[in-house]
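The block underneath contains the structure these notes are about, expressed in structure tokens.
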Amino acid sequence: MRIRKDLPKFTHKPSLLVVTGRVSAILYFAHEGVLKVVERIEEKPEYFTDNEGFFESRTSRMGQGRALTAASGSVREPYDDKRVGRFVRRLRVELWRQIHKATIADIYIFTPKGHEILSHLQTRVQNKVRRVIKGDFMHEHPFRLLERLQASLSERTVQPAPPMAARKLLRKTRIAREAGVKAQRHK
């Protein structure tokens, strides 16, 4: 679809808008005034045919304030963590594929609060991320996303990620500080 005139057009650099939910994502490619969906990722829940061996408990009140609890089986483990892990792995692979397929220059991520995706991505992908906007935007129209992005970009200037050598130096000094050793300065 064509992007409205009052929204960012991404004329100079091809960009990728990544809108994620907890276990689903939509990837939009934006370049030269055109916005199109390139991929939809959704991790389906696992369904089991039986509940054999899962935990059941029942509490009944007996006289004089005492309660009896009957329990059997093993504890049912939630599968949400595994599902989120599978989703993040699929998203990593798809972002890597899209970056190399279309030579993406910038990535903008819209993700729910408390859902940390950036730390799970490869370093080369992280270096292309220009903005992470927190909130639940999975079912919003793409133009609303572009409006939010435009408002976010106008608030403050974009700070580029430091180069790899600077990150290594910062990490070394942080580790030295935690160990209680002063960083040596070269004269």
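The values are calculated or read from the model by the stated rules, or taken from the named source; none is laboratory data. Computed from a predicted structure; not experimentally measured. Backbone-built Cβ (ideal geometry, glycine too); neighbour counts: all protein chains shown.
Odds and ends about this structure:
- All positions within the stretch 103-138 that are more than 18 Å from M164 (Cβ to Cβ) and hydroxyl-bearing (S, T, Y): T103, Y108, T111
- Checking every residue in the stretch 100-123 against the condition of being part of a helix (DSSP H, G or I), crowded, with 19+ Cβ neighbours inside 10 Å and not basic (K, R) gives zero matches.
- Among (1) in a helix (DSSP H, G or I); (2) modelled with pLDDT under 85; (3) surrounded by 11 or more Cβ atoms within 10 Å (Cβ to Cβ) - the single one A161 does not satisfy: (1)
- Residue count for the stretch 1-37, restricted to those that are surrounded by 15 or more Cβ atoms within 10 Å (Cβ to Cβ) and β-branched (V, I, T): 6.
- Considering K101, K113, the condition of being in contact (Cβ under 8 Å) with a residue 12 or more places away in the chain and among the basic types (K, R) is satisfied by K113 alone.
- Residue ID - surrounded by the fewest Cβ atoms within 10 Å (Cβ to Cβ), chosen from residues in the stretch 124-139 that are assigned to a loop (DSSP other than H, G, I, E, B) and touching a residue at least 24 places away in the same chain (Cβ under 8 Å): G135
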